[in-house]
Amino acid sequence: GQSIIVLRLLRVLRIVRLVGTIPELKLIVNTLLKSIPSLGYIGVLLFILFYIYGCLGTFLFRENDPIHFETLHIALLSLFRVATLEDWTDIMYTAIYGCQNYGYSGSQDLCISSQAFPFIGWFYFVSFVLLATFIFFNLFIGVIINNMEEVKEKEMLRLDPDLARLGKSESDIKELLKKIKKDMALLESHVTFLEHAEEQRSEDLEDAEEQRS
């Protein structure tokens, strides 16, 4: 019984071997593996952000909105809903107008102490959405894209060693061009100085001839 189930599971896991045979899947898996350390650091920062806003939300809105902010872990779940933009404005409007005026139409018995936070409410939720959704989540995407480019480049160099030498020579050429540009700029400044000196000498000679005449 159980051995047959295990054998069937192992047969299902054979599909993982496709990762090594399909280059595109292999690229994606290698990118994800390479991104784990950076994503971990971003995840720690994101957790700190959630924790700070969760504590603030529990302190500010616990009495007005016990459904979403009665305890810290409920507040964290509510903030995850806000970060995913799943009807997050309903939670914000409950804080802005108070549970008696918004959000608790079918749960009036839970709205014990209705309090309105017109300024703190919108600032709290809008700032959290900007930080959690539009900044941190974009950091996740940016890290993955950056690592994918690096994995692509390494894979190309592994398949074609000539590209590595070409890349090295190309970098040398770029450095040489930068040096030539600097030398040309220095030479141009010297030429300009000599031209001004020659003009000044010509003017001095003309003045001297006029004085003699």
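Run the quick spin-label model on L110 and T84: label points 7 Å from Cα toward the beta carbon, then report their separation in nm to one decimal.
Roughly 1.8 nm, to one decimal.
Can you tell me, using C-alpha contacts under 8 Å and at least 6 residues apart, the relative contact order of region 25-159 as a whole percent? Numbers along the way, then the final one.
Details: 129 pairs, mean separation 39.2, N = 135.
So the answer I get is 29 percent.
Rg to Rh ratio, region 60-141, alpha-carbon atoms and Kirkwood radius?
Details: Rg = 12.9 Å, Rh = 12.9 Å.
Using only Cα positions, Rg/Rh for region 60-141 is 1.00.
Tabulate in residue order the Karplus-calculated ³J(HN,Hα) for region 142-149, using 6.51 cos²θ - 1.76 cosθ + 1.60 with θ = phi - 60°, rounded to whole Hz; enter x for Gly and Pro.
x, 5, 5, 5, 4, 5, 5, 5
Give a residue-ordered list of calculated ³J(HN,Hα) values for region 98-105 (Karplus: 6.51 cos²θ - 1.76 cosθ + 1.60, θ = phi - 60°; whole Hz; x for Gly, Pro).
Working through the residues one at a time gives x, 5, 6, 9, 7, x, 10, 5 Hz.
Once both labels are modelled 7 Å past Cα along the beta-carbon direction, what's the H190-I141 spacing in nm?
Once both label points are built, they end up 5.3 nm from each other.
Rule-based calculations on the coordinates, nothing more; no lab input. A quick note: this is a predicted structure, and the numbers were derived from the prediction, not measured. Backbone-built Cβ (ideal geometry, glycine too); neighbour counts: all protein chains shown.
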